[in-house]
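Everything below concerns the one structure shown next.
The values are calculated or read from the model by the stated rules, or taken from the named source; none is laboratory data. On a predicted model such as this, the values are computed, not experimentally measured, just so you know. Cβ coordinates were reconstructed from backbone atoms using ideal geometry, including for glycine residues, and neighbour counts include every protein chain displayed. For the accessible areas, the whole protein counts, side chains as well, though only heavy atoms, and no ligand, DNA or RNA atoms are used. Shrake-Rupley method; radii C 1.70, N 1.55, O 1.52, S 1.80 Å.
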Amino acid sequence: MNDKITVLIDELCKNHGLTTDEYAYLIEYRDEESKQLLAERARQVREKIYGRDVFIRGLIEISNYCKNDCFYCGIRRSNKECQRYRLGKEEILACCKEGYQLGFRTFVLQGGEDAFYTDDILCDIIRDIKNNFSDCAVTLSLGERGRMSFECLYKAGAERYLLRHETADAKHYASLHPKELTLQSRLQCLRDLKEIGYQTGCGFMVGSPGQTIESLAKDLKWIEEFKPAMCGIGPFIPHHATQYAGEQPGSIELTCFLLSVIRLIHPGILLPATTALATLDTNGTEKGILAGANVVMPNLSPADAKEKYELYNNKAYNGMEAARNVELLKKRMETIGYQVVTDRGDVREAL
Ligand code: SAM
């Protein structure tokens, strides 16, 4: 580890921010020693705020219909091989009921951008979840919607929203998406969500085609300035029916390194060890937690939906990624000195 890296890590721990060039330097010249030091510091700050608790979220994949055509995504509109499905209110409530009994106190409704789910339909679902499970949080991850729609869903009781910004580099964003999707509009949605009062989550894929150290440094700087409540990062994994089928997946090592950096930028942030991490590495969840993550999002969707919600090849959903196997997740977290808790797991300010 060279002297400059030592200075940058100290600076990050003290002031929770670096310049874009410094973030790039930290990524480019990372080595085993700097990775370990960052992970150690990340675990220390996380422990001060959240102890050794791991929050769980029950992920319900409500629809794989999507009007968008993101080039990397398995449920993109133009993938004709994708067998489409959507869940109705009763099916969603049944997932919540099962999740509640298993100890989940947050339900994440995720799906493609499916026009079937009008504000009226979603508000009705959210209200019913809140009426039946009043001590639970509802998180939405349903893509871009208008500000009025976000306001309406918030008033109905949704309190968190996950919308990955995907990349803070406009050129990179344009290379991953068709031209009707712009970084500007994505970021506007994120600003709206935050202003409305949602605990707002952003995030990006690590190793997406065209990503560079400079674009990653821009992601870190943007995250530093935006101050999200949550940040979902996971390795890019190719999907066989997309133009990126032959690309290499993103790296576990770099994902974990970035988790540590993000934890140090925002000590109180909620950071999931993502399903993509668990898909690429059977110990991916443990590695993510040990790098500074404090959230896991096991899958609560009905069996048929889990199979059809295929964002990338071989998506993990049977092992401890399955909500029904939460006991296995608990044991594996205990093995590394952490405990899964029954808690809404709201964001906390840095102490
Ligand atoms: N439609 C919503 C949205 O746009 O936020 C939520 C669903 S979207 C499929 C959820 C996330 O999956 C995306 O933000 C993207 O980062 C991730 N994703 C999609 N394709 C992926 C791939 N091939 N590898 C890894 N992650 C992927």
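Which numbered condition trips up E253, out of (1) under 18 Å from Y161 (Cα atoms); (2) away from the ligand (no atom under 13 Å from the Cβ); (3) surrounded by fewer than 24 Cβ atoms within 10 Å (Cβ to Cβ)?
Looking at each condition in turn, E253 falls short on (1).
Which helices (runs of 4 or more DSSP H) sit wholly inside region 89-177 and have at least 3 residues that are small (G, A, S)?
Numbers: elements: 89-101, 119-132, 147-156, 170-176.
Per the criteria, 170-176.
If you go through region 167-186 one residue at a time, how many are out of contact with any helix residue (DSSP H, G or I) (no Cβ under 6 Å at 6 or more places or on another chain) and either in contact (Cβ under 8 Å) with a residue 24 or more places away in the chain or of a type in the set (K, R) (or both)?
Within region 167-186, the first condition is being out of contact with any helix residue (DSSP H, G or I) (no Cβ under 6 Å at 6 or more places or on another chain), and the residues that meet it are 171, 174-182, 184-186.
Next cut, either in contact (Cβ under 8 Å) with a residue 24 or more places away in the chain or of a type in the set (K, R) (or both) only: 171, 175-179, 181, 185-186.
Total satisfying the criteria: 9.
Which one is farthest from the ligand (Cβ to nearest atom) among residues in region 149-182 that are open to solvent by 40 Å² or more (accessible area, probe 1.4 Å) and under 21 Å from I62 (Cβ atoms)? Talk me through it step by step, then tell me what you get.
Step one: filter region 149-182 for residues open to solvent by 40 Å² or more (accessible area, probe 1.4 Å), giving 151-152, 154-155, 164, 170-171, 174-175, 179-180, 182.
Now drop any that are not under 21 Å from I62 (Cβ atoms), which leaves 151-152, 154-155, 164.
Numbers: E151: 18, C152: 18, Y154: 17, K155: 21, R164: 4 Å.
In this case the residue turns out to be K155.
If I filter region 262-291 down to residues being under 14 Å from the mean Cα position of the chain (by Cα) and in a loop (DSSP other than H, G, I, E, B), which single residue comes out as nearest to A316 (Cα to Cα)?
T274
So which residues in region 97-117 are more than 30 Å from N79 (Cβ to Cβ) and within 12 Å of the ligand (Cβ to nearest atom), if there are any at all?
none
Collect the residues in region 312-351 that are surrounded by 19 or more Cβ atoms within 10 Å (Cβ to Cβ), assigned to a loop (DSSP other than H, G, I, E, B) and at pLDDT below 95, keeping them in residue-number order.
Selection gives Y312, K315, A316, Y317, M320, E321.
If I ask for residues that are surrounded by fewer than 20 Cβ atoms within 10 Å (Cβ to Cβ), in contact (Cβ under 8 Å) with a residue 12 or more places away in the chain and more than 16 Å from the ligand (Cβ to nearest atom), which ones from region 51-79 would you list?
Once the filter is applied, which keeps residues that are surrounded by fewer than 20 Cβ atoms within 10 Å (Cβ to Cβ), in contact (Cβ under 8 Å) with a residue 12 or more places away in the chain and more than 16 Å from the ligand (Cβ to nearest atom), region 51-79 yields R52, D53.
Of all residues in region 118-148, how many are within 14 Å of the ligand (Cβ to nearest atom), touching a strand residue (DSSP E or B) at 6+ places or on another chain (Cβ under 7 Å) and not aliphatic (A, V, I, L, M)? I'd like the intermediate steps shown before the answer.
Residues of region 118-148 that are within 14 Å of the ligand (Cβ to nearest atom), as a first pass: 122, 139-145.
Those left that are additionally touching a strand residue (DSSP E or B) at 6+ places or on another chain (Cβ under 7 Å): 139-142.
Restricting the remaining residues to those that are not aliphatic (A, V, I, L, M) gives 139, 141.
Final tally of qualifying residues: 2.
All but one of (1) in contact with a strand residue (DSSP E or B) (Cβ under 8 Å, 6 or more places away or on another chain); (2) over 30 Å from K14 (Cβ atoms) hold for Q83; state the number of the condition that does not hold.
Only one criterion is unmet by Q83, namely (1).
Kindly check whether there is at least one residue in region 216-234 that is farther than 22 Å from I5 by Cβ, of a type in the set (K, R) and part of a helix (DSSP H, G or I).
no
Starting from residues that are more than 16 Å from the ligand (Cβ to nearest atom) and either at positive phi or within 16 Å of the chain's Cα centre (by Cα) (or both), keep the ones in region 185-225 and report whichever is surrounded by the most Cβ atoms within 10 Å (Cβ to Cβ).
So the first thing to find is which residues in region 185-225 are more than 16 Å from the ligand (Cβ to nearest atom), and the list is 195-197, 212-214, 217-218, 220-221, 224-225.
From the residues that got through so far, the ones that are either at positive phi or within 16 Å of the chain's Cα centre (by Cα) (or both) too are 197, 220.
Values: G197: 11, L220: 24.
Across region 185-225, the extreme among qualifying residues is L220.
Among the residues of region 286-334 satisfying the criterion of being without any contact (Cβ under 8 Å) to a residue 12 or more places away in the chain and farther than 18 Å from A94 by Cβ, which is nearest to the ligand (Cβ to nearest atom)? Reasoning before the result, please.
Keep residues of region 286-334 that are without any contact (Cβ under 8 Å) to a residue 12 or more places away in the chain, which gives 303, 307, 318, 327-328, 330-331, 334.
Adding the requirement that they be farther than 18 Å from A94 by Cβ leaves 318, 327-328, 330-331, 334.
On the way: N318: 18, E327: 27, L328: 23, K330: 26, K331: 27, E334: 28 Å.
Here the residue is N318.
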